[in-house]
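Trainee: The structure follows.
Quick note: the coordinates plus some simple rules give every number you see, no bench work behind them. Note that the structure is a prediction, hence the values are computed from the model and not measured. Positions of Cβ are backbone-derived with ideal geometry, glycine not excepted, and every protein chain shown enters the neighbour counts.
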Amino acid sequence: MSEPLLRAEGLTRHFSVGKLLSRQRLHAVDDVNFEIGRGEIVALVGESGSGKSTVARLLARVYKPTAGEITFEGRPVSTLRTRRQRLAYSSDVVMVFQDPYSSLNPAYRVTHPIERGLVLHRREVARRTRRAEVENSLGSVGLVPTGQVAAKFPHELSGGQRQRVGFAAALAAKPKLIVADEPVSMLDVSIRIGILNLMSELREREGVSFLYITHDVAGARYIADRVLVMYAGHLVEEGPTEDVIERPKHPYTQLLLSAVPDPRAPLGVSDAADVGEPPKVIDPKEGCRFRARCPLAIDRCETETPRLRPVGRGRLAACHVAEAD
Amino acid sequence: MRFVLRRLGFFVVTLWAAVTLNFLIPRLMPGNAAIAMMARYKGHVNPQALHAIQIAFGVNNHQSLVSAYFAYLGNIARGHFGISLTFFPDTVAHQVLQALPWTLALVGVTTVMAFVLGTLIGLVSGWRRGSVVDGALPPLFVITSAFPYFWLALLSIWLFSIKLGWFPESGGYEVTTTVGWNWTFITDAVNHSILPALTIIVTAIGGWILTMRNNMITVLTEDYVRMARAKGLKPWRIMWTYAGRNAILPNLVGFAMSLGFVVGGAILVEFVFNYPGVGWMFLQSVENQDYALMQALFLMITVTVLLAILAADVATAILDPRTRERG
Amino acid sequence: MSLPSVADSVEPVGATVGSGPPEEATKRSAGADLWRAIARNRKALVGLCILLFFVVLAAIPGQIAPDDPRAKIYPRGLGPSVHHLFGTTAYGEDVFSQLVYGTRQSILIAFAVGGLATLIAVLVGVSAGYLGGTTDGVLSLITDVILVIPIFPLIIVIAAYERNAGFLTLVVVLGVLGWSYGARQLRSQTLSLRRRDFLEAARVRGERRSYVIVREILPTMTSLILASFLGAALYAVLFAAGLQFIGLGNPNSQSWGTMLYWAENNEALGAGMPYWAIMPGVCVALLGAAFALLNYAFDEISSPALRLRKLENTGVDTEREAKAAVPARPPDPKNILEVRNLSVAYASEHGPVVAVDDVSFDLGRSEFLGVVGESACGKSTLVYAVARLLGAPLAGEITRGQVLFKGRDMVTLADRELRHIRWRDYSVVMQSAMNALNPVLTVAAQMRDACEAHSTMTRREIEARSKEVLRLVSIDPVHLYSYPHQLSGGMRQRAMIAMALLFTPELIIMDEPTSALDVVGQRSLMVQIKELQERLGFAVIFVTHDMSLVSHFSDRLLVMYAAQVAELGRTRQLFDRPLHPYTQGLLEAFPSIHGAKERLLGIPGSPPDLLHPPSGCRFAPRCPHVMDRCRAEPQRLLEVDGELVRCLLHEQAAASVPAKEGVA
């Protein structure tokens, strides 16, 4: 059992919200544990407000954890002090963003973030060769002819092309882990597959791991080895992708899977009775956060917060009533 | 309610800043303004008033800066602003209160008129985007909003008083009329205020027309306006309740911010017309180096501006339910 | 599962969505765009000319003025004449020369104060906006206090203690007090920029904060910084002149304000020297106007909504005769809506764009039609055209075709007649409830005004009906008197649907009403809509980009590509046997959670630029089955098996449809 590339333990992040006289704590992420191995694609699935984007930002060190620890290649991230250490981490763990229309600075040509990546993280590349290196990375994400693309401004490219630039910029540092925060949600359907294929191919070719954050379960199934399911700040289920999708253990995962529209599937419409929404987790009490919408809730769910426990081989679920294999 | 309280708190801070500035500036400036003034007072003033002035201007500093400051604050709070040199031996406070009604009548009324008219014209102009009227108005008002107030005042005097003789040239009223609530006086006062009022309105209105117009145009692209059209509401109602009510909100904010500018211009207008208001008195005090009066008037002007802004904020809170919650 | 190769995921950039052919595009930068925008704006040009004029005067006064401005050699108090364009002063100086020499001070003050104030505004505003927290709190408080304290009186107070304020004092005082408005603007712009991902991307890659502020934020705010500079310059010119006019400046300096001071002191107006008093003011006003015009022009340039573009000027035919030329085949009574040869165009920055090209379809009385397509295919424009709701920001005009709703052509209906049938006979549900609901009115008020516009219901009846429709969409009627921002996202969306049902219309047009919701919410909303439709019997046109979602609920599907109908047919048939290669590609671009895992391809490339649409098939560059004929010939709609498809592949099987299309 080799050392995982990244491990998150008890990862927690709270925000202070509210006005001066009535401060409250928003529990965006609570006690999340997971691992990412080398060359592995892990999908983090959840809806808006589930905390998945916050997890991404915790990994990318945009936020500091309120509690818990991230360990990268055996080294706790909180011990990174000097600028050099932090820069080294930024070159190993990079991020790709959701909105292709705001992830590139409109004042510069599209080569700008790639060049900056080289300047910051690959000093050994001399200025003369930088240009060639930039064009190489454009080519490696399929943006051709590279000379033409390099001269363009963001508004001259389509959404899909801009996302590819985002990947090229991420790759400039030769990272070990790419945190992709919903990279295809804002793209046209016909373009999404191309980006997903690109991610898969980068994993094969460069050996880079991915944490693929999404609300699209089908997309997660398409490229991910393992899937993590989040709800209201908690990690509720974990396991190999095929397994989780075929035999979901947690009631929320079951609800999520039943709601995914699939044109090839028969028109089996389940109950539309669920008009609930994920709760805003502000100063929560003990107990399962899904209990209000759960058809299987029992008394224990009201008083005791379920923890992730094994429910099969490589399978974890945070539910009192989930049945083990 | 919380919103209003927060704004009040802000105003208290601002007022404090203005008072402190009044205290600090003469001490920071080179020159012996204070000494010169003291020399002019000596022998004419009762010891108590003299002492107040000493505190205000830091002459004969027996006290430390800090204790002088608190004494000064105490005097202000009790309304002891000192004795006016210009209107000796009258107190500053009394003089200020004499001038205040004139300014409120002229500047207050015209500013409100300019804002209301400007907003209405901007509303209609933005609504009728692309019409002939809308094409000509904005550039015109951009230019008028750049006119110096005092120059327009001079121009209007030259044109309407000297050349055409329609209106009196200066003053708040004819020297021969008796002051008081009688008909002759009132008509005379109004007659004297028409030119200054027009000057202020013509210059101030441009900015508000333009901002309101731009706000309208932006608001008209919003989905909820399209929704109102989809519901088949009458254009009148869409213009007022949907577009107008939303477009005016940033204009109220802009009112607060441009008020200082308008007040500055109004001071100059009073000066040019010799109109006996706060602004004219303010400039007189500067010319006569009557610093006690000057400081008090500065505070008065600041307070008036703050009150007007508070009114605009309350209006915003009434019109926009979101501010009430932001608090 | 075999791996996708690089070839599969290549993104050829030739067919890019952009403006203009690639070679031109390389030269375009943000700066060049700005210059071009300025050149096209009349106000900016006028302002710039005036400014240039004064700058020249300030630079070389000696060449232009006939005399030394201080030379008191002429007779005093002369009126205008050939020798003295504006007469002489009470001291015998030539007014015109004084004006020319006075320019320098005003220009210098304008630029110096403008620069100083803008510098401080940038430092304060951007730092406050970016750094946030207590820094922001403190800086904002200082900014607001200075903003609110009346500046002119304060400056007078300062100048009063420092008599004869020289040029330097003026610049410093004005500069140090005049930055607050600009700082406020810059701060709010910075705050909204903070949500832009490229700033976060810069931080994540390890850039220093100072770098981010200077090299990432500032370059995107150039027009705001310029506008701030212009505003400060304007304020400087006016205030400096005012100060000098009341005698607080140096009375011996050469400036317009001092001229006015002396003119006033000598009662120039009444004493026959009016130009001495008026002309300096004209100069101040002109220079001020130049700055104001430029400032206003920048406002327009930076917010596209303010630029008006008229379609008539672009050569697109918008005459009503053309619309009526479509032959009148009587509508089929089975259909509640018949759209015939509808075309919509709008004026873009670079020329006219046809956003909807010759679209026709019918809609049965209780039919659920899904309109699917990707970005810029024209689906939203199409349905808003049908609903007669074009206009800002879509800014399109119907250039051709008919929309027969219940037998009447909506395109030729006047506004007043349209208003009668709006909401009663057909209603609209928009994409974002947060934007579509008026934020300053309660839900009840917004339902009420729809009711009042079309019926004579009493207040009580309106309230009852409002509560009823809320219950229809499973919203507790207690929320009736809430404001939109007090409701959750899902509730807002359902409230919009409730509002659309107020008069139980016969047709509801929905523009992506579920895209703001999560997967579970989408599903339950769709089910609810379908239920209501079956119960109340209205027809639905449902626009979405999510084909798999709508497929469970629609009777027929209309697939749009690049402003045209690509395919139109019964949902099940379309899914089981898609005819158009685009539809095929689209269906294969959805990974599934059921069935075997297989490699998918998607559709590489992008839709064509509608500014210069190709004459042949618009899908040709991306089509795996493309033939030479596809690129050469314009494509017609063909009818195959009760379906319509625009593709040559089905020529043999088809009977083409000229009769239905009318003037094709």
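Trainee: Can you grab the distance from the C-alpha centre of the range B:263-327 to the C-alpha centre of the range A:21-49, Å, no decimals?
Mentor: Here the two parts' Cα centres lie 53 Å apart.
Trainee: Let me ask something else about it. What average count of beta carbons from other chains do you get within 10 Å of the Cβ of residues in A:195-208?
Mentor: The mean count of partner-chain Cβ atoms within 10 Å per residue comes to 3.
Trainee: Neighbour counts of other C-beta atoms within 10 Å: give me C:D425, C:D197 arranged from fewest to most.
Mentor: Fewest-to-most Cβ neighbours within 10 Å comes out as C:D425, C:D197.
Trainee: Mind putting a number on the dipole of chain C about its Cα centre? Charges go on the C-beta only, +1 for Lys and Arg and -1 for Asp and Glu, and I need it in Debye to the nearest 20.
Mentor: That gives chain C a dipole magnitude of about 760 debye.
Trainee: Set the Förster distance to 25 Å, then compute FRET efficiency between A:D299 and A:S258 from the Cβ-Cβ distance, nearest 0.05.
Mentor: That pair, A:D299 with A:S258, gives E of 0.50.
Trainee: Using the number of other C-beta atoms within 10 angstrom as an exposure proxy, rank C:H552, C:H580 with the fewest first.
Mentor: Ranking C:H552, C:H580 by Cβ neighbours within 10 Å, fewest first, gives C:H552, C:H580.
Trainee: Here's another thing I want to ask about it. Count, for each residue of B:203-216, the Cβ atoms from other chains sitting within 10 Å of its Cβ, then give me the mean as a whole number.
Mentor: 1
Trainee: For a quick check of your reading of the filter: which trypsin sites (Lys or Arg not before Pro) in the range C:166-250 sit in a DSSP loop and have no more than 11 other Cβ atoms within 10 Å?
Mentor: C:R195
Trainee: In whole angstrom, and with the biggest value first, how far do the Cα coordinates of the range A:140-222 range along each principal axis?
Mentor: Projected onto its principal axes, the Cα set of the range A:140-222 covers 36, 28, 16 Å.
Trainee: Please compute the modelled spin-label separation between B:K234 and A:T79, points set 7 Å along Cα→Cβ, answer in nm with one decimal.
Mentor: Placing both labels 7 Å along Cα→Cβ, they lie 7.6 nm apart.
Trainee: On a 0 to 90 degree scale, rounded to 10, what angle separates helix A:159-171 from the longest Cα axis of chain A?
Mentor: Rounded to the nearest ten degrees, it is 80.
Trainee: For the range B:94-319, what's the relative contact order in percent, using C-alpha pairs closer than 8 Å and at least 6 residues apart?
Mentor: About 30 percent, as a whole number.
Trainee: Test of understanding: what is the full-extension gain from C:L123 to C:S515, defined as 0.36 nm times their sequence separation minus their Cα-Cα distance?
Mentor: Difference between extended and current length: 137.1 nm.
Trainee: Excluding C:D144 itself, calculate the net charge of residues whose Cβ lies under 15 Å from the Cβ of C:D144, where each Lys or Arg counts +1 and each Asp or Glu counts -1.
Mentor: In short, +2.
Trainee: Hey, what number do you get for chain A at 222 nm if only DSSP H runs of n ≥ 4 count, each worth -39500 (n - 2.57), divided across all residues, to the nearest 500?
Mentor: -9500 deg cm²/dmol
Trainee: Classify the range C:562-650 as rounded, prolate or oblate, taking a ≥ b ≥ c as the square roots of the eigenvalues of its Cα gyration tensor: rounded when a/c is under 1.5, otherwise prolate if a/b is larger than b/c and oblate if not.
Mentor: oblate
Trainee: So what is Rg over Rh here for chain C, counting just Cα atoms and using Kirkwood for Rh?
Mentor: Dividing the radius of gyration by the Kirkwood radius yields 1.09.
Trainee: State the answer as a single residue: which of A:T79, C:T381, A:G194 lies farthest towards the positive end of the charge dipole of the protein assembly as shown, with beta carbon charges of +1 for Lys and Arg and -1 for Asp and Glu, about the Cα centre.
Mentor: A:T79
Trainee: Taking chain C as the reference, fit the longest principal axis to its C-alpha atoms, fit the long axis of helix C:167-177 to the helix C-alpha atoms, and give the angle between the two in degrees, 0 to 90, nearest 10.
Mentor: Rounded to the nearest ten degrees, it is 30.
Trainee: Quick one: order C:I142, A:I191 by neighbouring beta-carbon count within 10 Å, fewest to most.
Mentor: C:I142, A:I191
Trainee: Further question: Can you give the extra length, in nm with one decimal, that the chain gains between C:A271 and C:I142 once fully stretched, where that is 0.36 nm per residue apart less the Cα-Cα distance?
Mentor: Working it through step by step, the gained length comes to 41.7 nm.
Trainee: One quarter of the convex hull surface, Cα atoms only: what value does that give for the protein assembly as shown in nm²?
Mentor: Its Cα hull, projected and averaged over all orientations, spans 58.9 nm².
Trainee: Say a site is exposed when it is one of the GluC sites (Glu not before Pro), sits in a DSSP loop, and has at most 16 other Cβ atoms within 10 Å; what is then the longest site-free stretch of chain C?
Mentor: Here the longest run is C:1-266.
Trainee: Could I ask something else about it? Exposed loop sites here are GluC sites (Glu not before Pro) in DSSP loop states with at most 12 other C-beta atoms within 10 Å. What is the longest stretch of chain A lacking them?
Mentor: Between exposed loop sites, the widest span is A:125-285.
Trainee: More than 33 Å apart: what percent of Cα pairs in the range C:42-306 qualify?
Mentor: Pairs farther apart than 33 Å: 31 percent.
Trainee: Here's something else I'd like to know. Quick one: dipole size for the protein assembly as shown, taken about the Cα centre, charges +1 on Lys/Arg Cβ and -1 on Asp/Glu Cβ, in debye to the nearest 20.
Mentor: Dipole size: approximately 1640 debye.
Trainee: Roughly how many Å is it from the Cα centre of the range B:161-235 to that of the range A:132-166, as a whole number?
Mentor: 57 Å
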